[in-house]
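A short write-up of the structure that comes next.
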Amino acid sequence: MAALPQDPTLDEIRDALAPLIAANAAFDGWGEAARDAAADAAGVDRDVALVAFPGGAVDMIDAWFARVDTAMATALPPERLATMKIRDKITALVEARLTEVAPHREALRRALAILAMPQNIVRGAKLGWRAADLMWRAAGDTATDYNHYTKRTILAGVYAATITVFLDDESVGWADTRAFLARRIDGILRFEKAKAGFVARTEHRPSLSRFIGRLRYPVV
């Protein structure tokens with residue numbers, strides 16, 4: 001862990017403590033014990049650590065996932081991704097995230113159980129969306145129409161399903177998880193191809209809504 005600056009901000013404290021909390025969460029859960037142990041290891045006052053995570057476990061998990069976001073971006077900078085095809089980009093981005101959380105699979109399992117609680121479902125969905133959004137942006141997606149939402153919704157689902165397989169994958173080099181991910185990404189690309197074809201076929205068809213619009217607002 002990099003040393004904290006002399007007078008760190010709460011954001012810097014959260015960023016520094018998050019991976020340490022994750023390392024302890026496998027044994028102590030995402031609670032006070034893991035947070036305090038991380039604070040002690042980083043030389044942060046326990047009361048300050050408490051203030052850094054006012055939302056408790058969910059805030060700690062959020063901070064850890066943010067570190068995973070950063071690690072993914074570091075492992076796959078734009079210049080490296082620019083040389084890849086879209087399938088390879090998405091695969092590499094998901095696998096970079098798996099590599100980052102691999103040492104802490106039990107902590108991840110516990111984190112997902114917390115996010116699945118009724119009171120945390122919305123927060124969990126936001127974190128899944130954030131991950132999918134970052135991956136698509138890193139892959140070069142610039143869509144701003146409905147494609148923006150469909151792509152992220154589908155990838156968030158694929159990522160969540162892949163994580164579920166990954167948690168129990170004991171195959172060499174996560175072969176089972178990689179095969180599962182490859183099949184799901186094939187599904188995404190087939191869907192995108194089919195959707196593009198459908199849009200192209202219907203783009204110039206007569207539109208009742210456009211016709212009515214012209215009646216209401218004729219071109220002059």
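Of the numbered criteria (1) of a type outside the set (Lys, Arg); (2) touching a helix residue (DSSP H, G or I) at 6+ places or on another chain (Cβ under 8 Å); (3) modelled with pLDDT of 95 or more, the one residue 113 fails is (2). For residue 36, the criteria (1) without any contact (Cβ under 8 Å) to a residue 24 or more places away in the chain; (2) charged (D, E, K, R); (3) closer than 23 Å to residue 128 by Cβ hold in every case but one, which is (3).
Considering only residues in segment 70-113 that are hydrophobic (A, V, I, L, M, F, W, C) and outside any helix (DSSP H, G or I), the one that is nearest to residue 164 (Cα to Cα) turns out to be 76.
Only residues that are surrounded by 14 or more Cβ atoms within 10 Å (Cβ to Cβ), free of Cβ contacts under 8 Å to residues at least 40 places away in the same chain and farther than 26 Å from residue 33 by Cβ were counted in segment 60-98, giving 4. Checking each residue in segment 102-135 for being within 12 Å of the chain's Cα centre (by Cα) and without any contact (Cβ under 8 Å) to a residue 40 or more places away in the chain picks out 124, 125, 126, 128, 129, 132, 133. Residue 86 meets each of the listed conditions (1) assigned by TED's automatic domain parsing to the domain that holds residue 173; (2) modelled with pLDDT of 95 or more apart from (2).
Scanning segment 162-212 for residues that are hydrophobic (A, V, I, L, M, F, W, C) and modelled with pLDDT under 90 returns 188, 189, 191, 194, 196, 198, 199, 200, 208, 211, 212. Of all the criteria given as (1) within 25 Å of residue 74 (Cβ to Cβ); (2) in contact with a helix residue (DSSP H, G or I) (Cβ under 7 Å, 6 or more places away or on another chain), the one not satisfied by residue 176 is (1).
Residue count for segment 22-50 satisfying the condition of being among the aliphatic types (A, V, I, L, M) and over 15 Å from residue 4 (Cβ atoms): 8. Please state which one of 2, 52 is at pLDDT below 95 and more than 30 Å from residue 141 (Cβ to Cβ). Result of the check over 2, 52: 2.
The values are calculated or read from the model by the stated rules, or taken from the named source; none is laboratory data. Quick caveat, the model's predicted, so the values are computed rather than measured. No Cβ is skipped: glycine too gets one built from the backbone with ideal geometry, and neighbour counts run over all protein chains shown.
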